[in-house]
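Participant: Here you go, one structure.
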Amino acid sequence: MGLYELREKFDTEYFKTLEGADADSTDILSLSAWGGGVLRAVEGSVDGFFDDYETFNNLNPADTAYWNLADKHFDLQWYT
């Protein structure tokens, strides 16, 4: 008896297999309600995310190149 959860384990091997990602340049982040809502790195670092997030927030949405510039910081195809 018990509760079982069937899901993929998100680690560097998963993303290497699925996306061909280099394990040394992969950051896996987690935001958990149990952890107080703090963004933490499961593998890698959160620094790159916060750097890109700050740059993204400084983009001007009125700029005609807004979506192209945003895509440089966040893979919008992946998010959609």
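Participant: In the Gaussian network model of the chain, springs joining C-alpha atoms below 10 Å, which of 22, 63, 52 carries the largest mean-square fluctuation?
Facilitator: Sorting by GNM fluctuation, first place goes to 63.
Participant: With +1 on the Cβ of every Lys and Arg and -1 on the Cβ of every Asp and Glu, and nothing else charged, how large is the dipole of the chain about its Cα centre, in debye rounded to the nearest 20?
Facilitator: 300 debye
Participant: If you don't mind, there's one more thing I want to ask. Per the Cauchy relation, a quarter of the hull surface: what is the mean projected area of the convex hull of the alpha carbons in the chain, in nm²?
Facilitator: For the chain, averaging the hull's shadow over all directions gives 7.7 nm².
Participant: As an exercise, identify the trypsin sites (Lys or Arg not before Pro) in the stretch 1-69 lying in DSSP coil whose Cβ has no more than 14 other Cβ atoms within 10 Å. Walk me through the intermediate numbers first.
Facilitator: On the way: sites: 7, 9, 16, 40; in loops: 7, 9.
Filter output for the stretch 1-69: 7, 9.
Participant: Then there is this: What does the charge add up to near residue 77, with Lys and Arg as +1, Asp and Glu as -1, over the other residues with Cβ less than 13 Å from its Cβ?
Facilitator: Once positives and negatives cancel, what remains is -2.
Throughout, read-outs are computed from the coordinates displayed, never taken from laboratory work. Because the structure is a prediction, the values reported are computed rather than measured. We place every Cβ from the backbone using ideal geometry, glycine too, and count neighbours over all the protein chains shown.
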